[in-house]
Amino acid sequence: MSLPDPGRPLDPSFTPGPPQLGITDTEAAVQPAAVASRPSTASGEPPIVEAVGLGRDYPSGDSVVHALRGVDLAVARGELVCVRGRSGSGKTTLLNLLGGLDRPTAGQVRVEGVEITTMRESQLVDLRRRTVSFVFQGFGLVPILSAAENVEIPLRLLEVDGRTRDQRVRDLLELVGLGRRAKHRPHELSGGEQQRVAIARALANKPRLLLADEPTGQLDSETGHTIMTLLRSVVRAEGVTAIVATHDPMMLDVADRVVTLRDGSLEEQARAS
Ligand SMILES: Nc1ncnc2c1ncn2[C@@H]1O[C@H](COP(=O)(O)OP(=O)(O)OP(=O)(O)O)[C@@H](O)[C@H]1O
Ligand SMILES: [Mg+2]
């Protein structure tokens, strides 16, 4: 497959948001390329996401599972951080808390400086529509919808107008190398292709934070490597920040930073390159 050019920005005029923004195609065309020009590092900027003393206990019969124990983590804009750790070390728990899918039993999560752990459910829904998106191991595509329709879902939820939506979906499918598979349904695509559709969908609303939970877990190693390289390139192209939970050692090659969870605690932080 042909990988997209990492430096190629998607249509920078695309602006996610409610229709009241009223951005017409003409207006959008003269908007500054805000996303493409986002800095890739964050010296001096507040973190995109920050966990402070984050803890999550699960009751388990008469005892308690301490899935996370006081995790501190700050991730800068444009970083690709890999969270590794053995099965049960707390990777999924951490990602779910960072994205507002779950609530901690201790500590705080701040997304772009805003505390999310005390948000109402409706605010968390809005956060997941506009700011944070997820890629899962099992792809999570809607089976009766085509690749293009799956990518379109977040844009429909944001009530983006039809023309902008179509263009954005086309651009995204091109970005992940599936421009010619737009009409295929998930069962007509390979696992790697389905994951590429899922990545395109996760990027549709121009999230500031992409959380991927073992995105290569169901793929063979070669396809997994392709997906990781693709993630690396789309993170650059879209100016998004990504946190990827993985067992996959190949991920270390593409990450800016690797953090390791052991029994719910962050063990070490090392620059991958
Ligand atoms: N809903 C739950 N109820 C009780 N215990 C849970 C629940 N979810 C997770 N746990 C426990 O919390 C710990 C961390 O689980 P988590 O799923 O975060 O690990 P993980 O690192 O993602 O593992 P894997 O690599 O297998 O996906 C595990 O001991 C798990 O059994
Ligand atoms: Mg997990």
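In the stretch 205-224, the residue that is farthest from the chain's Cα centre (by Cα) out of those that are surrounded by fewer than 24 Cβ atoms within 10 Å (Cβ to Cβ) and touching a residue at least 40 places away in the same chain (Cβ under 8 Å) is Q218. Within the stretch 225-237, the set of residues being surrounded by fewer than 22 Cβ atoms within 10 Å (Cβ to Cβ) and not polar (S, T, N, Q) comprises H225, R232, R236, A237.
Among the residues of the stretch 103-143, the one identified as within 16 Å of ligand 1 (Cβ to nearest atom), at pLDDT 95 or above and within 29 Å of I227 (Cβ to Cβ) is V109. Within the stretch 56-74, residues that are closer than 20 Å to R257 by Cβ reach partners that are near ligand 1 (Cβ under 8 Å from one of its atoms) and assigned to a strand (DSSP E or B) with beta carbons closer than 6 Å, at six or more positions or on different chains, in the pairs L68/R56.
To keep it simple, each residue is scored yes or no on (1) in contact with a Leu (Cβ under 6 Å, 6 or more places away or on another chain); (2) of a type in the set (S, T, Y); (3) in the same structural domain as L124 (by TED's automatic domain parsing).
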position: S63; (1), (2), (3): no, yes, yes
position: L68; (1), (2), (3): yes, no, yes
position: L73; (1), (2), (3): no, no, yes
position: S89; (1), (2), (3): yes, yes, yes
position: T92; (1), (2), (3): no, yes, yes
position: D102; (1), (2), (3): no, no, yes
position: A106; (1), (2), (3): no, no, yes
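Taking L175 as the residue in question, decide whether it is within 24 Å of D256 (Cα to Cα), out of contact with any Cys (no Cβ under 7 Å at 6 or more places or on another chain) and outside the structural domain of M251 (by TED's automatic domain parsing). If you could, list the steps in order and put the result at the bottom.
Values: within 24 Å of D256 (Cα to Cα): yes; out of contact with any Cys (no Cβ under 7 Å at 6 or more places or on another chain): yes; outside the structural domain of M251 (by TED's automatic domain parsing): yes.
Spelling it out, L175 is indeed within 24 Å of D256 (Cα to Cα), out of contact with any Cys (no Cβ under 7 Å at 6 or more places or on another chain) and outside the structural domain of M251 (by TED's automatic domain parsing).
Tell me whether the stretch 108-128 contains one or more residues that are within 16 Å of ligand 2 (Cβ to nearest atom), over 29 Å from H184 (Cβ atoms), touching a residue at least 12 places away in the same chain (Cβ under 8 Å) and touching a Gly at 6+ places or on another chain (Cβ under 6 Å). The answer is no; no qualifying residue exists.
Determine whether A76 is more than 16 Å from ligand 2 (Cβ to nearest atom) and not charged (D, E, K, R). So A76 fits the description; yes. Listed conditions (1) in contact (Cβ under 8 Å) with a residue 60 or more places away in the chain; (2) touching a helix residue (DSSP H, G or I) at 6+ places or on another chain (Cβ under 7 Å) are all met by E193, apart from (1).
The values are calculated or read from the model by the stated rules, or taken from the named source; none is laboratory data. Predicted, not measured: the structure shown is a model, and the values here were computed from it. FYI the Cβ positions are ideal-geometry reconstructions off the backbone, even for glycines, and counts take in every protein chain you see.
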